[in-house]
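Right, one structure below, let's go through it.
Where a number appears in this text, it was derived from the coordinates with a stated rule and is not lab data. These numbers were taken from a predicted model, which means no experiment stands behind them. Cβ coordinates were reconstructed from backbone atoms using ideal geometry, including for glycine residues, and neighbour counts include every protein chain displayed.
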């Protein structure tokens with residue numbers, strides 16, 4: 001449910017806080033779909049060789065490895081209903097998705113459909129999140145969060161990797177959209193400068 005801009009005014013007593021939250025959360029899902037669609041668009045323009053190329057010395061991982069990592073975080077969100085926890089330490093290093101562009105495309109399309117199928121109740125839920133927090137020893141923290149917060153994090157994390165993917169794609173002379181790998185706040189700033 002999206003609230004018309006004229007109704008979504010803070011401080012309006014006729015709008016409940018919950019209704020206002022629905023607009024924000026719908027934007028959260030829409031933002032994630034935008035990120036996934038950017039990935040699909042880029043992968044449609046790359047060759048299989050480009051997908052596997054490591055643009056050393058600029059980056060240390062292939063485009064495929066960056067996509068695999070971003071996809072793993074989305075998989076952690078999707079697996080939460082089965083496992084009861086979002087485990088950001090879940091990794092599929094060396095999995096076929098790192099080398100197979102069509103596998104990555106298939107996974108991106110699956111994630112997009114999962115996002116589109118989310119309901120308000122799914123997004124509002126509290127979730128448990130586990131992640132390692134130390135470089136020097138294996139130490140994890142487990143925290144309570146919300147699916148909305150984690151969707152925001154995973155999209156921002158994917159955008160960060162898209163910025164690195166952008167370097168590799170340009171190195172391969174691929175066509176990359178101007179907003180690929182650009183954070184929403186940066187995009188807003190750039191629009192304000194135009």
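Couple of notes before you dig in:
- Largest GNM mean-square fluctuation across 141, 80, 150, computed for the chain with C-alpha springs under 10 Å, falls on 141.
- 222 nm mean residue ellipticity, helices alone, for the chain (DSSP H n ≥ 4; -39,500 (n - 2.57); rounded to 500): -19000 deg cm²/dmol
- Folded to 0 to 90 degrees: helix 17-45 orientation relative to the chain principal axis, Cα: 20
- Label-point separation, residue 189 to residue 37 (7 Å along Cα→Cβ), nm: 2.5
- Residue separation of residue 82 and residue 106 scaled by 0.36 nm, minus their Cα-Cα distance, works out to 6.5 nm of gained length.
- Rounded to 0.05, the FRET efficiency of the residue 179 and residue 47 pair, given R0 = 22 Å and the Cβ-Cβ distance, is 0.50.
- Between the Cα long axis of helix 63-83 and the first principal axis of the chain there is an angle of about 40°, rounded to the nearest 10.
- Relative to the longest principal axis of the Cα atoms of the chain, the long axis of helix 184-193 makes an angle of roughly 90 degrees.
- Taking every alpha-carbon pair under 8 Å whose residues sit at least 6 apart, the chain reaches a relative contact order of 23 percent.
- Correct choice for log10 I(q)/I(0) by the Debye sum over Cα atoms at q = 0.09, 0.17 Å⁻¹ that was computed from the model, options (1) -0.33, -1.16; (2) -0.38, -1.19; (3) -0.44, -1.24: (2)
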